[in-house]
Amino acid sequence: MNNPREKLLEVAFNEIYHCGYNATSIDKILKQASMNKGSMYHFFKSKKELGLAVVNEKINSYIEDKYAILLKYEKNICDEMLKLIKNRNNFDFNSGCKLNNLMQELSPIDEDFKIALEKVYLRFENIIEEVLIKAVKKGEIKHNDPKSLSMYVVASIEGCLGTAKKSQDGKYFQTCIGELENYLNSLKINK
């Protein structure tokens, strides 16, 4: 990675993900990035500005990269969504969800983080809503309120990830997400 700003963001992203924002020090980030404070302050005025960049750039990209692919499907839409949701290969159940961890830690105590994190979270819900609207229009499922359903789906994903993190075991995620799958399958229109 030749771009020093990107390297700093990547190291900060990983540190914040594994340790939490408040437990992550600038010194630790700089040491792992092999950079000095002057280099950091060239790109970011403070730890908070760096943290907000992590949310706006890294976590937002993570959600976009993982879920926006669902928008391309034209058939078997819910099946494809469930397949993606259930696929947690190489997921760190000990550390949990990148987005939800920061929402739990920072939204109640910092308005700037609350706004940035909510924007990412709402994008996550909007992607799922678009997918569900398409599934309804294509006659794959029947539901009168895809927006509310998208909130439920995202909340279920986040809750299932939290349940797995609590136990630090992916089997709890699979069990929990199986109930979401059962519910979504109950909405399918048999042709």
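Quick notes
- Residue 111 paired with residue 88, simple spin-label distance in nm, labels 7 Å along Cα-to-beta-carbon: 3.6
- Equivalent ellipsoid semi-axes, region 146-191, via Cα gyration tensor eigenvalues times 5, rooted, Å: 23, 13, 4
- Pairs of Cα atoms nearer than 8 Å and 6+ residues apart set the relative contact order; for region 77-141 it is 45 percent.
- Lone cysteines, the chain (no partner Cβ under 4.7 Å): 19, 78, 97
- Bins of 5 Å, starting at 0 and running to the largest distance - Cα pair percent for region 1-83: 3, 14, 23, 19, 11, 8, 8, 7, 5, 2, 0
- Here region 62-128 is described by how far its Cα atoms reach on the three principal axes: 42, 26, 15 Å, from widest to narrowest.
- About the centre of its Cα atoms, region 18-150 shows a dipole size close to 260 debye [charges on the beta carbon of Lys, Arg (+1) and Asp, Glu (-1) only; nearest 20 debye].
- Summarised as an ellipsoid, the chain has semi-axes of 35, 17, 14 Å, derived from the eigenvalues of the Cα gyration tensor scaled by 5 and square-rooted, with the largest first.
- The chain, relative contact order [Cα under 8 Å, separation at least 6], %: 21
- Using every pair of separate Cα atoms, the Kirkwood estimate puts the hydrodynamic radius of region 90-190 at 14.7 angstrom.
- Placing +1 on the Cβ of every Lys and Arg and -1 on the Cβ of every Asp and Glu, with no other charges, gives region 131-184 a dipole of roughly 180 debye about its Cα centre.
- Net charge in the neighbourhood of residue 92 (other residues with Cβ under 11 Å of its Cβ; Lys, Arg +1, Asp, Glu -1) is +3.
A short reminder: the numbers here are calculations on the coordinates, not readings from a lab. Bear in mind that the values here come from a model prediction, so they are computed numbers and not experimental data. Please note: Cβ atoms are built from the backbone with ideal geometry, for glycine as well, and neighbour counts cover all protein chains shown.
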